[in-house]
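Reading through the structure tokens given below for one structure.
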Amino acid sequence: VGVAARDPPGRHVSARSHVIGVRAALRGVCIRPGLGVVTAFPFQSAARAMEEEEEEARALLAGGPDQAAPRALPALCDPSRLAHRLLVLLLMCFLGFAIFAMIILLPFRPRLNGIGGESLAVAQNTYAVSWFKGKELNLVFGLQLSMARIGSTVNMNLMGWLYSKIEALLGSTGHTTLGVTLMIGGITCVLSLICALALAYLDQRAERILHKEQGKAGEVIKLTDVKDFSLPLWLIFIICVCYYVAVFPFIGLGKVFFTEKFGFSSQAASAINSVVYVISAPMSPVFGLLVDKTGRNIIWVLCAVAATLVSHMMLAFTMWNPWIAMCLLGISYSLLACALWPMVAFVVPEHQLGTAYGFMQSIQNLGLAIISIIAGMILDSRGYLFLEVFFIACVSLSLLSVVLLYLVNRAQGGNLNYSARQREEIKLSHTE
Ligand SMILES: C[C@H](NC(=O)[C@@H](N)CCCCN)C(=O)O
């Protein structure tokens, strides 16, 4: 490769031409080092290949706005480099941090945060896949979840303090103090907005620079895409609904459960009830990294759902210290969130990702709305043991769906359970 080369008219060409020569050689062209004499075989197609390559080189060297830019850009501004992806990741995380910090303030917090939080989550998931698929996707989901949890925790701890400071400053309680506190909390949304705008700009810029294809022929986004969703995707949805209905509504009713069944004080019940989210903040990125390094998403989801089942059984049928069960729930929930949500990206084409994630959130929330009502009714009429048995049934259904997903994926030769090495090999073969 390193031989001196001259093009046919005798002009010296740059090192890039060596590469061009070698590429041409690979296409069936023989180059005689030093002389720049090219023997083509077959001549015409090789000459065409050379012409194409030289045209490409000229465009690059001439500094065409799109083609040349990525080579000249510093790492932080180059969308194909890790440094730039990390910048994008930072924006994605702060987008979630701020909005979830604010959501926790809303008077209708239990689910009604639908318009803001859930739509944001769809956008965040779609950005994550678009920027990190085939790279650090599970870790990115873990980090996003972690930042959302930190946002909520910071907020829960800060807002009471802020309210009392404003109360002391204004010398009164009531709506003015509450309004000012909420107003200050709302500033976090401005931070979110800035992150969202920056992300939108960087995303469009990357599309332009990297020539990411948008809306190829036939790739129109339609709501009716839903009817074409594959069986594995539907199973992912079922796992999601059946799993989350046994976690979020349980935490919603958990405080009373711990006071009534285990005789905890109100403060201790609050502490144990929040441990699931407290664990998920540091553990989600760790599990995300683990899933990235090992692959095998279905197996991790299976472990997470099975561990959740054990945790609910401990809470239902034993009087063991409930901290053990709740810590297990926290760990398994963090693992599930990192391994389950990124799987969607493996079973739908990129242009349907937003629809798929939107649909997943919708049915998750529909399930949560219905099950929360049913859970309340069971609690009122039958008490906590029945309620726990109900949650155990939901998790068991989720477990069954994971096993089905494993079998379907295997039968169809799907990629959901590939090891990290298999994924890497496939990526390399596509690059080649
Ligand atoms: C990752 C998973 N996300 C959800 O459940 C979404 N519905 C987003 C929730 C956003 C806050 N309402 C999770 O939080 O475990």
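Available extension along the chain between ALA200 and ALA168 is 7.4 nm, counting 0.36 nm per residue and deducting the alpha carbon span. Modelled label positions at LEU193 and SER429, each set 7 Å beyond Cα in the direction of Cβ, lie 4.9 nm from each other.
Backbone geometry of region 201-206 corresponds, through the Karplus equation with coefficients 6.51, -1.76 and 1.60 at θ = phi - 60°, to 3J(HN,Hα) couplings of 5, 5, 5, 5, 4, 5 Hz, x marking Gly and Pro.
At a 10 angstrom cut-off on C-beta neighbours, averaged per residue, how do the peptides 242-251, 125-134, 370-379 rank from highest to lowest?
Details: 242-251: 23.4, 125-134: 20.7, 370-379: 15.8.
Those peptides, ordered most packed to least, come out 242-251, 125-134, 370-379.
In this structure, LEU90 and MET377 have a Cβ-Cβ separation that, at R0 = 56 Å, corresponds to a calculated FRET efficiency of about 0.80.
Rounded to the nearest 0.05, what FRET efficiency do LYS133 and HIS175 give with R0 = 51 Å and r taken as the Cβ-Cβ distance? Could you check? So, using R0 = 51 Å, E works out to roughly 0.60.
Placing +1 on the Cβ of every Lys and Arg and -1 on the Cβ of every Asp and Glu, with nothing else charged, gives region 107-205 a dipole about its Cα centre of roughly 140 debye. Here region 329-355 is scanned for amide nitrogen atoms under 15 Å from the site 7 Å beyond the Cα of THR294 along Cα-to-Cβ, giving 331-340.
Shown for ILE392, ILE298: other C-beta atoms within 10 Å of each C-beta, ranked fewest to most, produce the order ILE392, ILE298.
Packing here is the average count of other Cβ atoms within 10 Å per residue, and on that basis the peptides 410-418, 145-153, highest first, run 145-153, 410-418. Taking amide H atoms as placed 1.01 Å from N in the peptide plane, the amide H of SER419 lies under 5 Å from those of ARG296, each 5 or more residues away in sequence or on another chain. When you count the other C-beta atoms within 10 angstrom of each residue and take the mean per peptide, 423-429, 178-184, 310-316, 357-363 line up highest first as 310-316, 357-363, 178-184, 423-429.
Residues within the reach of a label modelled at LYS222 (point 7 angstrom out along Cα to beta-carbon, backbone nitrogen below 17 Å), restricted to region 340-380, are 349-356.
Placing pseudo-labels 7 Å out from each Cα toward the beta carbon at CYS77 and LYS212 gives an inter-label distance of 2.0 nm.
Values in this text are rule-based calculations from the coordinates and carry no lab data. Note that the structure is a prediction, hence the values are computed from the model and not measured. For neighbour counting, all protein chains shown are included, and Cβ atoms are generated from backbone atoms with ideal geometry for every residue, glycine included.
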